[in-house]
Structure formats: structure tokens, C-alpha cells
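Structure first, then comments.
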Amino acid sequence: MKAPQKILFFRLDARVGDCIVHLFFLRELKKLFPNTHITVATFAPSEVFFQNNPFVDEVKVLPKLAANDSYLRPAVLWGLLKMLVHSRTAGYDYIIVNPVRATWRNKLYCHLLPHTLWPQFDYTKHITHSYAQFLRQLGAKEVDTSYALDLPVDAKNYAQQFLHENNLQPGQFWIVNPVGSSPARNCSAQQIQTLIKTISQAGHKVVLLDYQNQFASLHLPCPRYTAHAIFQTAALIEQASAVVTVDTGIVHLVDCFHKKMFVLYAADHYSLNHNCVFWASRQDTTRFLQGTNTVQDIPVTQIEQMLKREFL
């Protein structure tokens, strides 16, 4: 394949987990085409993952998506229209898109863009497999699918201040993240209490991720970490010994720092065991339970038994 002069990577979502996966993809793309100008177009606020990235030459930010990645807000539609015009006038050799959830709207929009390429996603394997296969089709001989995250100093300082205020030592506490990107992924109050009680009784300190003080009514014997940005959450994960989470975005964050992990999954109706394979953790030590429909369907007795058997 002749080396292109300009590539646009157009992200059709703003999901945290995919952003982290795309860091490896962009690194390997730049290794394959080191002299190519690579532009990333992405929806706010996911641009933070690509700004100041050594493998990205330019970032174009679209308005923030509505819930469930809906394009129907007027500001988003206007942004998509402007990107369509830009794509036809900017002279890109290729436009790479990522229609992981290939809805008819995604497909239609992708076909309106010129010179489009996209991975063929194999939902029976981890998402990195599909991107690695795509890179090989572009000409890559070897593909490094590992990913890492460089954290800003201010995010690290925020986490360190929290540790100091709560008398916590790095590597000596667990994190419990009970909230996901949709209500189906959220833990119940009983599940949260069971997690904290079981981990604490085994002699470990626990930190609850409480983004919007939504658990103020629960009287829990642990500090609550209120992060105002995703990098602040990542900075605390870097210091933890293990993480319990219900969200695939946090799963990828934890994989960046190679921490022990216990994942509670909701059922995913897009494909069979979608969460447990395609967006799963890449670590052999990770353990998971999946509800029949929502995370709250998982019995607390199963959660307690898994923790004690596999981690404590």
C-alpha cells in the first residue's frame, strides 16, 4: 500500500474504553506511516485522549453526544454536516471509521464520506484483534496491541492528595466502581454494601468511586473518591491494588495499569456475550460475573463467593 499523505480517523462515539483501545491503534498506524499527517475527529469530551498525543498531528472536536451515542441533537447534526463537508474538501487519502455498533445511521453516514476504510469487527474475539487485523491489511508486519496511558501531572496530584487526606498507601487499597454508562450496569445498594463489607473483612481498605455524590444516603465505612475528569479516576486506579467495576471503560483503564480486577457485567443484547469477549479485560487474572439482564440481577451471594474464592 502506498503511504498516504493524510489520514482522518473519524471516531463515531465518545466511549472511554474505545478511546483507550484507539491509543494503541493510532500508535501502530503512525509506525506504519511515520510521515503521514494523522487527524482524529471525535466527539467531546473524548478529545482529551488524543490532544498532546505524539502519534496524532491534529484533533477535530465535534459537539458532545446525547445519551446512548445519539446523533439527534441539533448541535451534533450540525457538527456531522460540517465534518462531511470537511471530509470532501480537506484532501484525505483515507478516512478510517469505527462503526463498532453498525446502526443504519452509522452505515449511511460512513458511505457519504469519501475514501472510507473500516475494520471488520469479529465480536467473538477481543476488540484489539479486529484493529490488529485491519492494520495488517494496511501493510503492518507486526502489531503491538498493548496499550498504556500517560497521565497529566495535575491528575496524579489530585489522586495523591486524596490518598494523603485518607491515610491510604499506594498498592494497599481496593477501588469499587458501582456505576456504568447505562442504568443496566449500575450496582444496587445491597451489592455495593456486600462488596465493601466482604473486601474490608478480608483486611483490605476500600475506596468507592462516587462521581456525583449519588451514594450520599448510603452509610458506608470507606472514603469516596469524586473525580471531575477521567484522568483523575485513572490516577487513582494506578495507585490501587485491585478494582471492582461494572463499566467496560474502566476495564480498559485498569488493563493499562495491570491491576487485579473483578468485573460485574450486564447482558449485552447486541451480540452473544459481547461484553465478556469483545470488550473484556485482556488479563488472565480478571474474573467476571454477568447478570441475565442487568448487573443488579447478579445475586449478592455469588458476588461474595467469587470475591472470597478468587481474590481474598
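The values are calculated or read from the model by the stated rules, or taken from the named source; none is laboratory data. Everything quoted here is computed from the prediction, not taken from an experiment. Don't worry about glycine lacking a Cβ; one is built from the backbone with ideal geometry, like all the others, and counts go over all protein chains shown.
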Considering the range 87-133 alone, what residues qualify as being among the aromatic types (F, W, Y) and either part of a strand (DSSP E or B) or under 18 Å from R15 (Cβ atoms) (or both)?
-> Y94, Y109, W118, F121, Y123, Y131
Just one of T233, T292 is assigned by TED's automatic domain parsing to the domain that holds T198, surrounded by fewer than 14 Cβ atoms within 10 Å (Cβ to Cβ), in contact (Cβ under 8 Å) with a residue 12 or more places away in the chain and not charged (D, E, K, R); which is it?
-> T292
Yes or no: N68 exposed (fewer than 14 other Cβ atoms within 10 Å of the Cβ) and at pLDDT 95 or above?
-> no
Taking A184 as the residue in question, decide whether it is within 18 Å of L253 (Cβ to Cβ) and either surrounded by 12 or more Cβ atoms within 10 Å (Cβ to Cβ) or of a type in the set (D, E, K, R) (or both).
-> no
For F162, work out the one condition from (1) free of Cβ contacts under 8 Å to residues at least 60 places away in the same chain; (2) in contact with a Pro (Cβ under 8 Å, 6 or more places away or on another chain) it doesn't fulfil.
-> (1)
Within the range 257-280, considering residues that are in a loop (DSSP other than H, G, I, E, B), modelled with pLDDT under 90 and not aromatic (F, W, Y), the one surrounded by the fewest Cβ atoms within 10 Å (Cβ to Cβ) = H269
Number of positions in the range 1-28 that are closer than 16 Å to Y131 by Cβ and part of a strand (DSSP E or B) = 3
State yes or no: is P119 surrounded by 14 or more Cβ atoms within 10 Å (Cβ to Cβ), free of Cβ contacts under 8 Å to residues at least 60 places away in the same chain and not small (G, A, S)?
-> yes
Residues of the range 22-50 satisfying the condition of being farther than 14 Å from V97 by Cα and either hydrophobic (A, V, I, L, M, F, W, C) or without any contact (Cβ under 8 Å) to a residue 12 or more places away in the chain (or both) | L23, F24, L32, F33, P34, A44, V48, F49, F50
Residues I196, I192: which one is within 22 Å of A216 (Cβ to Cβ), surrounded by 18 or more Cβ atoms within 10 Å (Cβ to Cβ) and touching a Cys at 6+ places or on another chain (Cβ under 6 Å)?
-> I196
Scanning the range 101-132 for residues that are touching a Phe, Trp or Tyr at 6+ places or on another chain (Cβ under 6 Å) and aliphatic (A, V, I, L, M) gives L117, I127
A242, sole failed condition from (1) surrounded by fewer than 18 Cβ atoms within 10 Å (Cβ to Cβ); (2) under 22 Å from the mean Cα position of the chain (by Cα) | (1)
Which condition breaks for Q51 when tested against (1) at pLDDT 95 or above; (2) surrounded by fewer than 18 Cβ atoms within 10 Å (Cβ to Cβ)?
-> (1)
Search result, residues across the range 87-116 that are within 22 Å of Q5 (Cβ to Cβ), surrounded by 15 or more Cβ atoms within 10 Å (Cβ to Cβ) and hydroxyl-bearing (S, T, Y) | S87, Y92, Y94, T116
May I ask you to verify whether F9 is in contact (Cβ under 8 Å) with a residue 24 or more places away in the chain and closer than 23 Å to T248 by Cβ?
-> yes
